[in-house]
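Asker: I have a structure I would like to understand better, so I am pasting it below and will then ask my questions one at a time.
The values are calculated or read from the model by the stated rules, or taken from the named source; none is laboratory data. No experiment lies behind these values; they were computed from the predicted model shown. Cβ coordinates were reconstructed from backbone atoms using ideal geometry, including for glycine residues, and neighbour counts include every protein chain displayed. Ligands, DNA and RNA are stripped out before the accessible areas are found, and what is left, the full protein with its side chains, is counted by its heavy atoms. Shrake-Rupley method; radii C 1.70, N 1.55, O 1.52, S 1.80 Å.
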Amino acid sequence: MNRNDILEGISAVCFDLDNTLYDQNLFLVPVYRKMAAYIRKTGGASEKKVFEFIRRLAGKKFSNYPSLFEECAAHFGLREPRVIAEFLKIYRTHDPKKLRPYPGVSALLGRLRRRTPLAVITNGHAPTQKKKLKALGLSRFFSKVVYADLLGEGRKRRKPHPAPYQEVLKHFKISGPQLLYVGDNPYVDFPGAVRLKIKCARVLTGEYKAVKTPALLSGRVETRADLKAFFGD
């Protein structure tokens, strides 16, 4: 697979959202600062100390680490359920008015849309993900957006489950090999797509950029530095 034939035989292109179309830190850093401010108000450690701890923990175990909030609270001696509930509330109610896509993304999506329809699949709390997409100003480019958490069974049908990809295939009335899926997370973005014979492209952006593609996906996921490396200027 090379840049000239990435779209050969493709009838639609689907993207991941966080760390694929924009730097998720633009959303997370203000959230972490609000969490740190909350701990300070409880009489805990200084805001700076808490913020730095959260950033280190998220950097070590990744931002989608399921016990991120619990471990942070416990580190500062706060084990009450109300603390975790407040962290969750802070995350879910954060409403960024504007987020910046990666450089060139808006122009790229505009060019791609003239050639083939586009879609997005994203995990996470659906209302929060909707706010992100709106703040990025990218909604106009996509004819289908799949919020995996809305597919039922709690979070069981999130990526890497095949269900979100099946929704896109069904919407465009195409088969797996006719869809190109672009993401960044080697653990989450591609296993379900590969099962459906979807063509996969991984960008080395965001927090997973230094993580190697698992051997089981070797030869089935093409990897480049960023979207420009796949699609050009």
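Asker: Check Phe230, Phe141 and return the single one that is buried (at least 18 other Cβ atoms within 10 Å of the Cβ), out of contact with any helix residue (DSSP H, G or I) (no Cβ under 8 Å at 6 or more places or on another chain) and farther than 23 Å from Leu88 by Cβ.
Answerer: Phe230
Asker: Name every residue in the range 199-208 that is open to solvent by less than 30 Å² (accessible area, probe 1.4 Å) and either in a loop (DSSP other than H, G, I, E, B) or free of Cβ contacts under 8 Å to residues at least 40 places away in the same chain (or both), in order of residue number.
Answerer: Answer for the range 199-208, where residues must be open to solvent by less than 30 Å² (accessible area, probe 1.4 Å) and either in a loop (DSSP other than H, G, I, E, B) or free of Cβ contacts under 8 Å to residues at least 40 places away in the same chain (or both): Cys200, Arg202, Thr205.
Asker: Being modelled with pLDDT of 90 or more, open to solvent by 30 Å² or more (accessible area, probe 1.4 Å) and farther than 30 Å from Arg114 by Cα: is that true of Tyr38 here?
Answerer: For Tyr38, the condition - modelled with pLDDT of 90 or more, open to solvent by 30 Å² or more (accessible area, probe 1.4 Å) and farther than 30 Å from Arg114 by Cα - is met.
Asker: Kindly list the number of the only condition in (1) of a type in the set (A, V, I, L, M); (2) part of a loop (DSSP other than H, G, I, E, B); (3) open to solvent by 60 Å² or more (accessible area, probe 1.4 Å) that fails for Val211.
Answerer: Here Val211 meets the rest and fails (3).
Asker: A follow-up question, please. Of all the residues that make up the range 160-191, how many are assigned to a helix (DSSP H, G or I) and touching a residue at least 60 places away in the same chain (Cβ under 8 Å)?
Answerer: 5
Asker: Determine whether the range 6-18 contains at least one residue that is open to solvent by less than 60 Å² (accessible area, probe 1.4 Å), polar (S, T, N, Q), modelled with pLDDT of 90 or more and in contact with a strand residue (DSSP E or B) (Cβ under 9 Å, 6 or more places away or on another chain).
Answerer: Checked the range 6-18: at least one residue is open to solvent by less than 60 Å² (accessible area, probe 1.4 Å), polar (S, T, N, Q), modelled with pLDDT of 90 or more and in contact with a strand residue (DSSP E or B) (Cβ under 9 Å, 6 or more places away or on another chain).
Asker: For the range 34-67, which positions are under 21 Å from Pro186 (Cα atoms) and not in a helix (DSSP H, G or I)?
Answerer: Selection gives Phe62, Ser63, Asn64, Tyr65, Pro66, Ser67.
Yes or no, residue by residue, for (1) touching an Asp or Glu at 6+ places or on another chain (Cβ under 8 Å); (2) of a type in the set (Phe, Trp, Tyr); (3) surrounded by 12 or more Cβ atoms within 10 Å (Cβ to Cβ); (4) free of Cβ contacts under 8 Å to residues at least 60 places away in the same chain:
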site: Pro81; (1), (2), (3), (4): no, no, no, yes
site: Ala85; (1), (2), (3), (4): no, no, no, yes
site: Leu88; (1), (2), (3), (4): no, no, yes, yes
site: His94; (1), (2), (3), (4): no, no, yes, no
site: Pro101; (1), (2), (3), (4): no, no, yes, no
site: Gly104; (1), (2), (3), (4): yes, no, yes, no
site: Arg114; (1), (2), (3), (4): no, no, no, yes
site: Ala119; (1), (2), (3), (4): no, no, yes, no
